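Undergrad: Have a look at the structure that comes next, please.
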Number of protein chains: 2
Amino acid sequence: MSEIFNFCAGPAMLPKAVMEKAQREFINWQSTGSSVMELSHRSSIYMDMAKQAELDLRELMSIPDNYHVLFCHGGGRGQFSAVPLNLLPQGKTADYIISGSWSKAAAIEAQKFGNINTVDITLSGEQTSVLPSKDWQLTPDAAYVHYCPNETVNGIEIFEIPETNGVPLVADMSSTILSHEIDVSKFGLIYAGAQKNIGPSGLTIVIVRDDLVGHEQPATPCIMNYKTSADNDSMYNTPPTYAWYLAGVVFKWLKEQGGVKAIATINQAKADLLYKAIDQSTFYQNNIIDQYRSKMNVPFWLKDETLNYQFLKEAEHAGLTALKGHRIVGGMRASIYNAMPIEGVQALVEFMQQFEERNM
Amino acid sequence: MSEIFNFCAGPAMLPKAVMEKAQREFINWQSTGSSVMELSHRSSIYMDMAKQAELDLRELMSIPDNYHVLFCHGGGRGQFSAVPLNLLPQGKTADYIISGSWSKAAAIEAQKFGNINTVDITLSGEQTSVLPSKDWQLTPDAAYVHYCPNETVNGIEIFEIPETNGVPLVADMSSTILSHEIDVSKFGLIYAGAQKNIGPSGLTIVIVRDDLVGHEQPATPCIMNYKTSADNDSMYNTPPTYAWYLAGVVFKWLKEQGGVKAIATINQAKADLLYKAIDQSTFYQNNIIDQYRSKMNVPFWLKDETLNYQFLKEAEHAGLTALKGHRIVGGMRASIYNAMPIEGVQALVEFMQQFEERNM
């Protein structure tokens, strides 16, 4: 069959070389005669792999030594609960910055566990935009500030790291982790569901500064307790072992590509190519202000929405899959995470131009 | 390489035919040109598969229509929290039957979320045994009774289903689900981490009676809320999609073997073979009373424990892996779940006899 480019927002495509390697060693990993998923997480061969995956992630993101890296169950939504359970003591308030669907969902979930102050930064107008972080109205003594740097549904990405004046900054980086360089030391906690830029669903990475660990509420489920996870190298309970392994293969692949800096250059080129094609056309549009346009999730709309179904059908036929926009915003969405090669974006742009010509 | 028989307690071996099928379709599932793990959980092709997996499990276990089947994150330990969060209202008590390490751990975790009454049924003496369920001292108006029918560490299995006189019975069946026929209607809730008899780690199956859903405590994390999961067909958050798929392939395989009744006959034969070899020897021993000997996890001890290391080393060399007993009880443990063919147990018994002859 001809090549498929899968633009799904998540679970998303994984690097082809990663998948081919995983397939080759699927039933006989490291000459064990078993799949990696059939081995004890406490066997030395598995633990060596798991540790190496952590070291590779630390290297890729330059994670300082005073941060734990946890490999957790439960996805991003699990962290919507775990963050307040671990970081929000009674009597304190946490600020939640609302920039789209996911940051809003995080705030709603957090309200179960303590006092939450929501700060809506979305701006209406002809173009969608958000308030610059210097203008956010934050609680001075908040337990933490939570935000979502990249909103996958809305296609809004906040590139500047907010200044929170000593209040721990918590970021849901599910859709932007490893896509460009960041200074981890500016954050108290970073979490990311794996199924966009890391690996398969079912694994969540938590990067948390030492001093924020060990203050959990009494009714914190053990699988959400950062201290328990940190003290047990994420193996207090059986971790999602296969997802952890695949994440490790992705980290190795990313190192081979030249690391985060190198992939960021490619990601920039991919985003430029796609936004340019949208902006130069009178047939497609994206109404997000330049400064906050996501490099990972590019929503776009056909000006004539009656063509949506035809667009999707023909795109699928051309091997360009999962381009349907999220039901909340409609239209189209191209998710172009690290694993999407530039050839995929080129193929999409060519298809868009041809579709436009046929339907002008 | 020659055949490997992997006796790991979990993550455990999966059926060879399942793994070979999964390998073949790893990067091109159902002609999508993608791996199943790269597809949206909301795509129709994925949802059809997910639904079929549920239907196959319902058929295999004869699950009545008034039970939900949930595909959850978080492993068995996640359910240690989720069960009291969903089933234990303030002011009520839950009974926890203690028969070994796992039921004890469940009780300790549950104490975070409400009043827990522990009922220790272990009996000391020359042989390890437990109190028959008719003699358990239960709280008459308990919110539920929790027990673990098969203790993987201790090798104790309770085959009779306890009579709880209308109090919902909750069972951690992580290591015994699908190994023999049970009457689901006798239970309020059954849960099972997948990594023993179902699939890879990271997936947990919850089978819960309708009337027990919807009474969760206010501070229940959304990923642990049974009602949220039930209302959204286990897709409120992105489920562990690849583990769900593999579970589905295991369910199909089990149907091809003739279902649970047929596999139970094989499991009985495997257990009989191994216990007989232990009992007929003066070199090995298992001190659990016949009636409660686990058919899934068979611990045994060399009478001369100085030979433990040599036994494990030679077993490994013979392709019999992961036989080391749990650190709490020492000795050896052979986990012989559904996926272990009888040839594996035959090979183990032969090795044990030869090792005994060499070291008498």
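Undergrad: In segment A:107-122, which residues are farther than 19 Å from A:Ile161 by Cα and either of a type outside the set (D, E, K, R) or not assigned by TED's automatic domain parsing to the domain that holds A:Ile156 (or both)? Full working, then the answer.
TA: The first filter runs over segment A:107-122 and keeps only residues farther than 19 Å from A:Ile161 by Cα, leaving A:107-117.
Correct list: A:Ala107, A:Ile108, A:Ala110, A:Gln111, A:Phe113, A:Gly114, A:Asn115, A:Ile116, A:Asn117.
Undergrad: Output the number of the condition that B:Glu3 fails; it satisfies all remaining conditions of (1) more than 7 Å from every other protein chain (Cβ to nearest Cβ); (2) part of a loop (DSSP other than H, G, I, E, B); (3) surrounded by 19 or more Cβ atoms within 10 Å (Cβ to Cβ); (4) not basic (Lys, Arg).
TA: For B:Glu3, the failing item is (3).
Undergrad: Something else about it: May I ask you to list the residues in segment A:100-110 that are touching a strand residue (DSSP E or B) at 6+ places or on another chain (Cβ under 9 Å) and either in contact (Cβ under 8 Å) with a residue 60 or more places away in the chain or within 10 Å of chain B (Cβ to nearest Cβ) (or both)? Step through it out loud before you land on a result.
TA: Taking segment A:100-110 as the starting set, the residues that turn out to be touching a strand residue (DSSP E or B) at 6+ places or on another chain (Cβ under 9 Å) are A:100-104, A:106-108, A:110.
Those that are touching a strand residue (DSSP E or B) at 6+ places or on another chain (Cβ under 9 Å) and either in contact (Cβ under 8 Å) with a residue 60 or more places away in the chain or within 10 Å of chain B (Cβ to nearest Cβ) (or both): A:Ser101, A:Trp102, A:Ser103, A:Ala106, A:Ile108.
Undergrad: Of B:Pro149, B:Pro162, which residue is more than 12 Å from chain A (Cβ to nearest Cβ) and surrounded by fewer than 23 Cβ atoms within 10 Å (Cβ to Cβ)?
TA: Numbers: B:Pro149 fails: surrounded by fewer than 23 Cβ atoms within 10 Å (Cβ to Cβ).
Matching residue, one of B:Pro149, B:Pro162: B:Pro162.
Undergrad: From (1) surrounded by fewer than 14 Cβ atoms within 10 Å (Cβ to Cβ); (2) away from every other protein chain (no Cβ under 14 Å); (3) in contact (Cβ under 8 Å) with a residue 60 or more places away in the chain, pick out the condition that doesn't hold for B:Glu305.
TA: (3)
Undergrad: Report yes if A:Asp95 is more than 12 Å from every other protein chain (Cβ to nearest Cβ), among the charged types (D, E, K, R) and not in a strand (DSSP E or B), otherwise no.
TA: Working: more than 12 Å from every other protein chain (Cβ to nearest Cβ): yes; among the charged types (D, E, K, R): yes; not in a strand (DSSP E or B): no.
No; evaluated as a whole, the condition is false for this residue.
Results for (1) in contact with a Pro (Cβ under 9 Å, 6 or more places away or on another chain); (2) away from chain B (no Cβ under 11 Å); (3) not hydrophobic (A, V, I, L, M, F, W, C), shown as yes or no for each residue.
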residue	(1), (2), (3)
A:Pro11	yes, no, yes
A:Gln30	no, yes, yes
A:Ser34	no, no, yes
A:Arg42	no, no, yes
A:Met47	no, yes, no
A:Ala53	no, yes, no
A:Leu57	no, yes, no
A:Cys72	yes, no, no
A:Gln79	no, no, yes
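Undergrad: Can B:Asp183 be described as within 30 Å of A:Gln217 (Cβ to Cβ), modelled with pLDDT of 95 or more and surrounded by fewer than 24 Cβ atoms within 10 Å (Cβ to Cβ)? Give the steps one after another, and end with the answer.
TA: Values: within 30 Å of A:Gln217 (Cβ to Cβ): no; modelled with pLDDT of 95 or more: yes; surrounded by fewer than 24 Cβ atoms within 10 Å (Cβ to Cβ): yes.
For B:Asp183, the condition - within 30 Å of A:Gln217 (Cβ to Cβ), modelled with pLDDT of 95 or more and surrounded by fewer than 24 Cβ atoms within 10 Å (Cβ to Cβ) - is not met.
Undergrad: Based on what the data block shows, is B:Ile97 in the same structural domain as B:Met224 (by TED's automatic domain parsing), of a type outside the set (D, E, K, R), closer than 27 Å to B:Gln217 by Cβ and touching a strand residue (DSSP E or B) at 6+ places or on another chain (Cβ under 7 Å)? Give the steps one after another, and end with the answer.
TA: Details: in the same structural domain as B:Met224 (by TED's automatic domain parsing): yes; of a type outside the set (D, E, K, R): yes; closer than 27 Å to B:Gln217 by Cβ: yes; touching a strand residue (DSSP E or B) at 6+ places or on another chain (Cβ under 7 Å): yes.
The answer is yes for B:Ile97.
Undergrad: Looking only at residues that are farther than 10 Å from B:His146 by Cβ and touching a Leu at 6+ places or on another chain (Cβ under 6 Å) in segment B:73-122, which one is surrounded by the fewest Cβ atoms within 10 Å (Cβ to Cβ)?
TA: Among residues in segment B:73-122 that are farther than 10 Å from B:His146 by Cβ and touching a Leu at 6+ places or on another chain (Cβ under 6 Å), the one surrounded by the fewest Cβ atoms within 10 Å (Cβ to Cβ) is B:Gly114.
Undergrad: Tell me which residues, restricted to segment B:198-218, are free of Cβ contacts under 8 Å to residues at least 24 places away in the same chain and within 14 Å of another protein chain (Cβ to nearest Cβ).
TA: B:Pro218, the sole residue that qualifies.
Undergrad: Which one is nearest to B:Tyr337 (Cα to Cα), of the residues in segment B:236-263 that are of a type in the set (A, V, I, L, M) and surrounded by 16 or more Cβ atoms within 10 Å (Cβ to Cβ)? Lay out the reasoning, then the answer.
TA: Quick first cut of segment B:236-263, residues of a type in the set (A, V, I, L, M) only: B:243, B:246-247, B:249-250, B:254, B:260, B:262-263.
Going one step further and asking which of them are surrounded by 16 or more Cβ atoms within 10 Å (Cβ to Cβ), we end up with B:243, B:246-247, B:249-250, B:254, B:260, B:263.
Working: B:Ala243: 18, B:Leu246: 16, B:Ala247: 15, B:Val249: 16, B:Val250: 13, B:Leu254: 12, B:Val260: 12, B:Ile263: 10 Å.
The residue in question is B:Ile263.
Undergrad: Right, another one. Which one is nearest to the other protein chains (Cβ to nearest Cβ), of the residues in segment A:174-197 that are within 15 Å of A:Gly74 (Cα to Cα) and part of a loop (DSSP other than H, G, I, E, B)?
TA: That would be A:Gln195.
Yes or no, residue by residue, for (1) under 27 Å from A:Asp211 (Cα atoms); (2) within 23 Å of the chain's Cα centre (by Cα); (3) not aliphatic (A, V, I, L, M):
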residue: A:Gln30; (1), (2), (3): no, no, yes
residue: A:Ala50; (1), (2), (3): yes, yes, no
residue: A:Leu55; (1), (2), (3): yes, yes, no
residue: A:Glu59; (1), (2), (3): yes, yes, yes
residue: A:Ile63; (1), (2), (3): yes, yes, no
residue: A:Val69; (1), (2), (3): yes, yes, no
residue: A:Gly78; (1), (2), (3): yes, yes, yes
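Undergrad: Separate question: Kindly indicate the residue of segment B:233-262 that is in a loop (DSSP other than H, G, I, E, B) and within 14 Å of another protein chain (Cβ to nearest Cβ) and also farthest from B:Phe26 (Cα to Cα) among those meeting that condition.
TA: If we filter segment B:233-262 for residues that are in a loop (DSSP other than H, G, I, E, B), which is where we start, we get B:233-240, B:257-258.
Next, from what is left, pick out any that are within 14 Å of another protein chain (Cβ to nearest Cβ): B:234-240.
Details: B:Ser234: 24, B:Met235: 23, B:Tyr236: 26, B:Asn237: 24, B:Thr238: 20, B:Pro239: 19, B:Pro240: 16 Å.
Applying the filter and picking the extreme gives B:Tyr236.
Undergrad: Turning to a different aspect of this structure: Just need a number here: residues in segment B:263-296 that are assigned to a strand (DSSP E or B) and either in the same structural domain as B:Glu181 (by TED's automatic domain parsing) or in contact (Cβ under 8 Å) with a residue 40 or more places away in the chain (or both).
TA: Number of matching residues: 3.
Undergrad: Among the numbered conditions (1) crowded, with 18+ Cβ neighbours inside 10 Å; (2) of a type in the set (A, V, I, L, M); (3) in a loop (DSSP other than H, G, I, E, B), tell me where A:Ala334 comes up short.
TA: Answer for A:Ala334: the failing condition is (3).
The values are calculated or read from the model by the stated rules, or taken from the named source; none is laboratory data. Everything numeric in this text was worked out from a predicted model, so none of it was measured. Because the Cβ atoms are built from the backbone with ideal geometry, glycine has one as well, and the counts that use them run over all protein chains shown.
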